[in-house]
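The values are calculated or read from the model by the stated rules, or taken from the named source; none is laboratory data. Computed from a predicted structure; not experimentally measured. Neighbour counts run over all protein chains shown; Cβ positions are idealised from the backbone, glycine included.
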Amino acid sequence: MAKPKIKPIGGNILVEPVTEEKTTSAGIVLPDTVDKEKPQKGKVVALGTGRIGEDGKKISFNVKVGDKVIFKKYSPDEIEIDDKEYLIMDEDAILAVIS
């Protein structure tokens, strides 16, 4: 995967959404266009420059590049870079890291 030409700033994180194919009990694979829900899983592609706390110190991220994450459904902003969809969100929108 080529590194996207964007660097988030502050406490923002760039995430590549992960869409999962849905299979019916009969084994039929449904395309992602059948389910109009936004993906809630993704892979961290880039981290911002870091948030600054009230004490003036940089707060380190709880996630790292390459982590698969679950995030709040309507929190991220969608962007397109080189015909590929990405999401930018604040680290607070990430609910969990999938191991």
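Pick from region 62-96 the residues that are touching a helix residue (DSSP H, G or I) at 6+ places or on another chain (Cβ under 6 Å) and modelled with pLDDT of 90 or more: which of them is farthest from K5 (Cα to Cα)? Talk me through it step by step, then tell me what you get.
Kept after step one, since they are touching a helix residue (DSSP H, G or I) at 6+ places or on another chain (Cβ under 6 Å), are these residues of region 62-96: 71-72, 75.
Checking which are modelled with pLDDT of 90 or more leaves us with 71-72.
Working: F71: 23, K72: 25 Å.
Among those that are touching a helix residue (DSSP H, G or I) at 6+ places or on another chain (Cβ under 6 Å) and modelled with pLDDT of 90 or more, it is K72.
Residue check: K58 meets all listed conditions (1) more than 10 Å from the chain's Cα centre (by Cα); (2) surrounded by 15 or more Cβ atoms within 10 Å (Cβ to Cβ) but one, namely (2). Pairs meeting the criteria (first residue in region 9-25 and surrounded by 12 or more Cβ atoms within 10 Å (Cβ to Cβ) and aliphatic (A, V, I, L, M), second residue assigned to a loop (DSSP other than H, G, I, E, B) and modelled with pLDDT under 70, beta carbons under 9 Å, at least 6 apart or on different chains) are V18/P39. Residues in region 71-91 that are in a strand (DSSP E or B), under 18 Å from G11 (Cα atoms) and not β-branched (V, I, T): F71, D77, E78, Y86, L87, M89, D90.
Out of K73, K84, one residue alone is in contact with a Lys or Arg (Cβ under 7 Å, 6 or more places away or on another chain) and either exposed (fewer than 11 other Cβ atoms within 10 Å of the Cβ) or basic (K, R) (or both). It is K73.
The residues of region 4-23 that are modelled with pLDDT of 70 or more and not in a strand (DSSP E or B), listed by number, are P4, K5, I6, K7, P8, I9, G10, G11, V18, T19.
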